[in-house]
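Everything below concerns the one structure shown next.
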Amino acid sequence: MNIDSFISELAYIVKEYEEDFHCDLSFARLDDICFDEFEKQECDKSKSKYFDEYEYIKQIEVLEDYFEGTIIREIKGSDYCVIIGYSN
């Protein structure tokens, strides 16, 4: 894995979400994540070199037209995932 290429792709993914939301980024081991409350959906973007083609989303409406949520993207060939927390 080329770290510069990975970071560039990660930055592109986060930028896509930041068009609509404020985002916080973190990493976690897949074993530490409970996917029960998340909805699995296919990503609309082009095929990713480093990330799985699915994302897991959990979102709540805190106030009218104010949402908070979490998006999880698994890293291919890794025991880790990227967690993107967002709010608008």
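Brief remarks follow.
- Hits in region 1-60 (condition: hydroxyl-bearing (Ser, Thr, Tyr) and within 12 Å of the chain's Cα centre (by Cα)): TYR12, TYR17, SER26, TYR54, TYR56
- For region 49-88, taking the residues that are farther than 14 Å from TYR17 by Cβ and among the small types (Gly, Ala, Ser), the one that is most open to solvent (accessible area, probe 1.4 Å) is identified as GLY77.
- Among all positions in region 36-47, there is no residue which is in a strand (DSSP E or B), open to solvent by less than 80 Å² (accessible area, probe 1.4 Å) and among the hydrophobic types (A, V, I, L, M, F, W, C).
- Checked against (1) touching a residue at least 60 places away in the same chain (Cβ under 8 Å); (2) assigned to a strand (DSSP E or B); (3) touching a Phe, Trp or Tyr at 6+ places or on another chain (Cβ under 8 Å), CYS81 passes all but condition (1).
- When region 1-35 is limited to residues that are at pLDDT 90 or above, under 21 Å from GLU53 (Cβ atoms) and not in a helix (DSSP H, G or I), the one that is most open to solvent (accessible area, probe 1.4 Å) turns out to be PHE27.
The values are calculated or read from the model by the stated rules, or taken from the named source; none is laboratory data. Predicted, not measured: the structure shown is a model, and the values here were computed from it. Note: ideal-geometry Cβ built from the backbone for every residue, glycine included; neighbour counts use all protein chains shown. Quick note on the areas: whole protein, heavy atoms, side chains included, nothing else; ligands and nucleic acids left out. Shrake-Rupley method; radii C 1.70, N 1.55, O 1.52, S 1.80 Å.
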